[in-house]
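A.B. asks: After the structure tokens below, expect a handful of questions from me.
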Amino acid sequence: HHKRGDFAKAAELFAKASVANPDESLFAYNLACAYARLGDPRANAALVRAIALGGDAIKTRANGDADFDALRTTPWFPALVR
């Protein structure tokens, strides 16, 4: 769904996956990506969770991910991924 641009459906499914497997950083990360594309403020919390689970690898990935382009100028995004 995410690749097709259906970010709302992608977010719904990634949220379910995050609940089903709360220790998997990739589900939280992809949820943050979908929320970011939707302009949903929950992108922050999802990315915080993904970083808590995946550490520096998630920060590096988020820095280069176009899904977060709209958030790069927010106060929280640069501080979170440095």
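The values are calculated or read from the model by the stated rules, or taken from the named source; none is laboratory data. Computed from a predicted structure; not experimentally measured. Positions of Cβ are generated from backbone atoms using ideal geometry, with glycine treated the same way; all protein chains shown enter the neighbour counts. What goes into the accessible areas is simple: the full protein's heavy atoms, side chains included, and nothing from ligands, DNA or RNA. Shrake-Rupley method; radii C 1.70, N 1.55, O 1.52, S 1.80 Å.
A.B. asks: Give me the Debye-computed log₁₀ of I(q)/I(0) at q = 0.14, 0.27, 0.30 Å⁻¹ for region 1-44, equal point scatterers on Cα only, no solvent, two decimals.
C.D. replies: -0.25, -0.88, -1.03
A.B. asks: Taking the Cβ of ALA36 as the center, what net charge do the other residues with Cβ under 11 Å away carry, scoring Lys and Arg +1 and Asp and Glu -1?
C.D. replies: Neighbour charge sum, excluding ALA36 itself: -1.
A.B. asks: I've got another one for you. How much length, in nm to one decimal, is gained on full extension between LEU38 and LYS16, taken as 0.36 nm per residue of separation minus their Cα-Cα distance?
C.D. replies: Net length gain for the segment: 6.2 nm.
A.B. asks: As an exercise, find the ratio Rg/Rh for the chain from alpha-carbon atoms, using the Kirkwood inverse-distance average for Rh. Don't jump to the answer; show the numbers that get you there.
C.D. replies: Numbers: Rg = 11.4 Å, Rh = 12.3 Å.
Radius of gyration over Kirkwood radius for the chain works out to 0.93.
A.B. asks: Roll a 1.4 Å probe over the protein chains and send me the accessible area per residue for the chain in Å². List each step's numbers first, then the result.
C.D. replies: On the way: 4690 Å² over 82 residues.
Here the per-residue accessible area is 57 Å².
A.B. asks: Contour minus end-to-end for HIS1 and THR73, with contour as 0.36 nm per residue of separation and end-to-end as the Cα-Cα distance? Before the final figure, lay out each step's value.
C.D. replies: Working: separation 72, 0.36 × 72 = 25.92 nm, distance 2.63 nm.
The HIS1-THR73 span can extend by a further 23.3 nm.
A.B. asks: Separate question: Which percent of the accessible heavy-atom area of the chain goes to carbon and sulfur, probe 1.4 angstrom?
C.D. replies: C and S fraction of accessible area: 56 percent.
A.B. asks: When the helices in the chain are scored as -39500 (n - 2.57) per DSSP H run of 4 or longer and the sum is shared across all residues, what 222 nm value do you end up with, to the nearest 500 deg cm²/dmol? Before the final figure, lay out each step's value.
C.D. replies: Numbers: 5 runs with 55 residues, N = 82.
Here the helix-only value at 222 nm equals -20500 deg cm²/dmol.
A.B. asks: Can I ask one more? Under 15 Å from the Cβ of THR74, count the other residues' Cβ atoms, weight Lys and Arg +1, Asp and Glu -1, and hand me the total.
C.D. replies: Here the charged neighbours net out to 0.
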